[in-house]
Amino acid sequence: MLCLGEVCADCDGSSRLTKGSGQWEMGETESVVMTTGYGHVNDQAKKEMPYGDISIQIDSLPPLPCSLERLLGIMQDENSSASDLESLIRHDEALCAKILRMANSAFYGLRCRVKTLSRAIMTIGFHEVKSICLFNLLMDSFPVRGNVDRSHRERLWKHVLMTARHAAEIACLRPWVSKDEAYDLGLLHDLGWLAMLVHFKDDYQIIHQIAADRGIPLYLAEERHELTHTQIGKWIALRWGLPEVYHRVIAYHHVPEESPSHRPAVKIVSLAHLLAHMREYPDLVESGFVETFRLDLRISRCEWQGHLGNVERVRQEVDRLWRLLN
Ligand SMILES: [Fe+2]
Ligand SMILES: [Fe+2]
């Protein structure tokens with residue numbers, strides 16, 4: 001592994017920036033690996049689980065469904081291909097129909113009708129199809145009942161998709177993690193919001209009310225209510241036995257400096273999340289956090305300015321995808 005010999009600003013000067021096989025790494029000390037694979041939670045992970053009423057609520061959440069476990073496996077496997085995705089989708093009639101319908105929409109402007117799933121995946125794109133599958137399977141895992149406002153669902157979906165796209169593009173600038181991993185982390189970073197929308201509806205409404213009454217961002221309103229989507233997301237990630245990098249991103253994307261490990265991945269998703277919020281909170285993007293994270297990730301000012309020019313394009317692509325899906 002080639003050591004670039006630069007002192008890494010992320011890790012108090014004690015670690016070094018290394019580069020090997022196309023992926024950058026920080027020589028930070030990793031904490032004890034808490035999971036042994038999907039669905040397996042060891043004792044260390046159990047210590048981080050909540051207590052009391054929240055614990056009962058988390059325990060009542062659905063276990064990791066088999067199909068979602070399979071998809072996460074495909075997402076984690078760098079050798080996975082469109083055919084793995086195809087075999088997963090083939091077992092889900094509704095999903096299959098959705099993918100075919102989408103490939104045949106006017107947007108893709110194909111002259112011949114797409115009749116096979118493999119052709120549909122090629123037309124739409126592996127990442128797009130993967131995110132549609134993930135979203136559908138997550139929605140099945142957290143079925144929205146009652147009067148949850150559709151606009152909340154739409155906002156959340158668009159936000160995670162924009163975050164995933166920005167994260168992948170940032171990872172292309174500096175591959176601290178692979179583009180695919182960054183994309184997947186972006187897709188799952190707000191898992192806690194999804195759970196809150198469905199299983200902690202009263203808290204969700206109270207938090208929105210606090211944010212509206214005080215004119216503060218939702219994450220600050222959550223802190224006042226003493227229940228955050230990052231905690232809930234982390235508990236679900238632990239319960240599902242997701243790999244450690246997912247816990248870290250889910251738990252620390254609002255405070256990357258506090259993450260005990262995987263800080264580059266957390267910072268990439270954090271930056272991506274801020275860009276996805278650029279329209280609602282333009283001041284955040286101008287804040288010192290962004291500049292610090294940009295420097296920590298070794299992204300030059302010029303590269304960053306170039307990336308900022310993509311924000312509107314990403315927004316439009318996500319809007320278009322949402323329309324095609326609904
Ligand atoms: Fe978040
Ligand atoms: Fe977010």
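Yes or no, residue by residue, for (1) modelled with pLDDT of 90 or more; (2) within 16 Å of ligand 2 (Cβ to nearest atom):
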{"site": "Ala237", "(1), (2)": "no, yes"}
{"site": "Val249", "(1), (2)": "yes, yes"}
{"site": "His253", "(1), (2)": "yes, yes"}
{"site": "Glu258", "(1), (2)": "yes, no"}
{"site": "His262", "(1), (2)": "yes, no"}
{"site": "Ala265", "(1), (2)": "yes, yes"}
{"site": "Ala276", "(1), (2)": "yes, yes"}
{"site": "Glu280", "(1), (2)": "no, yes"}
{"site": "Glu291", "(1), (2)": "no, no"}
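Going through the stretch 249-267 one residue at a time, which ones are among the charged types (D, E, K, R) and surrounded by 24 or more Cβ atoms within 10 Å (Cβ to Cβ)? Explain how you work it out, then say what you get.
At the first step, the residues of the stretch 249-267 found to be among the charged types (D, E, K, R) are 257-258, 263, 267.
Listed by number, the residues that qualify are Arg263, Lys267.
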(message) Return the residues of the stretch 217-258 that are under 15 Å from Gln76 (Cβ atoms), in contact with a Phe, Trp or Tyr (Cβ under 8 Å, 6 or more places away or on another chain) and either outside any loop (DSSP other than H, G, I, E, B) or of a type in the set (D, E, K, R) (or both); say none if nothing qualifies.
(response) Ala237
(message) Can you say whether Ala97 is in a helix (DSSP H, G or I) and away from ligand 2 (no atom under 16 Å from the Cβ), as far as the supplied structure shows?
(response) yes
(message) Condition check: of a type outside the set (Gly, Ala, Ser), within 14 Å of ligand 2 (Cβ to nearest atom) and either in contact with a strand residue (DSSP E or B) (Cβ under 9 Å, 6 or more places away or on another chain) or not assigned by TED's automatic domain parsing to the domain that holds Met75 (or both). Does Leu271 satisfy that?
(response) yes
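Residue-wise test of (1) among the hydrophobic types (A, V, I, L, M, F, W, C); (2) assigned to a loop (DSSP other than H, G, I, E, B).
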residue	(1), (2)
Lys115	no, yes
Ser118	no, no
Ile121	yes, no
Val129	yes, no
Leu138	yes, no
His152	no, no
Lys158	no, no
Ala164	yes, no
Cys172	yes, no
(request) Please list, ordered by first then second residue, the pairs with beta carbon atoms under 6 Å, 6 or more apart or interchain, first in the stretch 183-211 and more than 30 Å from Cys172 (Cβ to Cβ), second among the basic types (Lys, Arg) and part of a helix (DSSP H, G or I). (result) Ile210/Arg224
(message) Here are the criteria: (1) touching a Phe, Trp or Tyr at 6+ places or on another chain (Cβ under 7 Å); (2) closer than 30 Å to Asn104 by Cα. Tell me which single one Ala276 does not satisfy.
(response) (1)
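So is Arg155 assigned by TED's automatic domain parsing to the domain that holds Arg294, loosely packed, with under 15 Cβ neighbours inside 10 Å and over 18 Å from Ala82 (Cα atoms) or not? Break it down into steps so the answer makes sense when it comes.
Working: assigned by TED's automatic domain parsing to the domain that holds Arg294: yes; loosely packed, with under 15 Cβ neighbours inside 10 Å: yes; over 18 Å from Ala82 (Cα atoms): yes.
Judged against the criteria, Arg155 is a match.
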(message) Whether any residue in the stretch 118-126 is at pLDDT 90 or above, touching a Phe, Trp or Tyr at 6+ places or on another chain (Cβ under 7 Å) and away from ligand 2 (no atom under 14 Å from the Cβ) is what I want to check.
(response) yes
(request) Give Glu312, Glu226, Glu317, Glu286 a once-over and let me know the one that is closer than 30 Å to Ser105 by Cα, more than 16 Å from ligand 1 (Cβ to nearest atom) and without any contact (Cβ under 8 Å) to a residue 60 or more places away in the chain. (result) Glu312
(message) Among the residues of the stretch 199-235, what is the count of those that are surrounded by fewer than 21 Cβ atoms within 10 Å (Cβ to Cβ), aliphatic (A, V, I, L, M) and within 15 Å of ligand 2 (Cβ to nearest atom)?
(response) 4
(message) Can you list the helices (runs of 4 or more DSSP H) lying wholly within the stretch 268-311 that have 3 or more residues being of a type in the set (A, V, I, L, M, F, W, C) and surrounded by 15 or more Cβ atoms within 10 Å (Cβ to Cβ)?
(response) 288-296
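The values are calculated or read from the model by the stated rules, or taken from the named source; none is laboratory data. In this text, all values refer to a predicted model and were calculated from it rather than measured experimentally. When we count neighbours, we look across all protein chains shown, and the Cβ atoms used for this are built from the backbone with ideal geometry, even at glycine.
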